[in-house]
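Peer 1: Structure incoming, see below.
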Amino acid sequence: MKKNKIIPNLWFDGNAKEAAEYYESIFPEGKILNTTFYPKTEDEGLADFQKDFAGKVLTVEFEILEMRFIGINAGPLFKFNESISFMIPCKDQTEIDYYWNTLTANGGEESVCGWLKDKYGLSWQVCPENWEELSRKPGAFQKMMGMKKLIIADF
């Protein structure tokens, strides 16, 4: 298994395991690598503010597209936003359609220029792997700005 030099940690509000299983089901060769749990009692190091988490999942380490992530259950304080997104370089329109349709299903949201949010609010960019080449074509930027899901044939 390849070890990332940097591992994104994703903050969830009690549903990190559910999210990891969701991503594992979408991406080929996705897998859950490790699960840790909050201590069950104060005697095991649980702080007062963590009592609602006692014995529940603390972190889930998972891998998708050969990249490791850690989902942490840390409560409702922070939410995902568009300032961070993960790009999925796709080999063809079929792959773009698959990721776009799957990640926007069940509460996901379409945005523009190949961007979307999944049902957990995490932002993704679903783009052709030859994006740089396509973006150099005359009028490509304007075409891209008029699209939600990117359609390779329209470039």
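The values are calculated or read from the model by the stated rules, or taken from the named source; none is laboratory data. Small disclaimer: the values here were computed from a predicted structure and weren't measured. Please note: Cβ atoms are built from the backbone with ideal geometry, for glycine as well, and neighbour counts cover all protein chains shown.
Peer 1: If you go through region 105-117, how many residues are in a strand (DSSP E or B), touching a residue at least 12 places away in the same chain (Cβ under 8 Å) and either more than 20 Å from Pro28 (Cβ to Cβ) or not assigned by TED's automatic domain parsing to the domain that holds Lys149 (or both)?
Peer 2: In the first step, residues of region 105-117 are kept if they are in a strand (DSSP E or B); the result is 109-110, 115-117.
Then keep just the ones that are touching a residue at least 12 places away in the same chain (Cβ under 8 Å); that gives 110, 115-117.
Filter once more, so that each one left must be either more than 20 Å from Pro28 (Cβ to Cβ) or not assigned by TED's automatic domain parsing to the domain that holds Lys149 (or both): 110, 115, 117.
Qualifying residue count, region 105-117: 3.
Peer 1: Go through Ile151, Ile96, Ile84 for me and flag whichever is under 22 Å from the mean Cα position of the chain (by Cα) and under 19 Å from Pro8 (Cβ atoms). Write out each step before concluding.
Peer 2: Details: Ile151 fails: under 19 Å from Pro8 (Cβ atoms); Ile96 fails: under 19 Å from Pro8 (Cβ atoms).
Answer to the check: Ile84.
Peer 1: Can you tell me how many residues in region 118-152 are assigned to a helix (DSSP H, G or I) and not basic (Lys, Arg)?
Peer 2: 11
Peer 1: Further question on the same structure: Give the residue, chosen from Thr59, Thr102, Thr94, that is in a helix (DSSP H, G or I) and in contact with a helix residue (DSSP H, G or I) (Cβ under 8 Å, 6 or more places away or on another chain). Spell out how you get there, then give the answer.
Peer 2: Details: Thr59 fails: in a helix (DSSP H, G or I); Thr94 fails: in contact with a helix residue (DSSP H, G or I) (Cβ under 8 Å, 6 or more places away or on another chain).
Exactly one residue qualifies, and that residue is Thr102.
Peer 1: Another question, then. Could you tell me whether Asn130 is polar (S, T, N, Q), under 18 Å from the mean Cα position of the chain (by Cα) and closer than 29 Å to Ile6 by Cα?
Peer 2: no
Peer 1: Report yes if some residue within region 78-101 is surrounded by 14 or more Cβ atoms within 10 Å (Cβ to Cβ) and closer than 28 Å to Pro39 by Cα; otherwise report no.
Peer 2: yes
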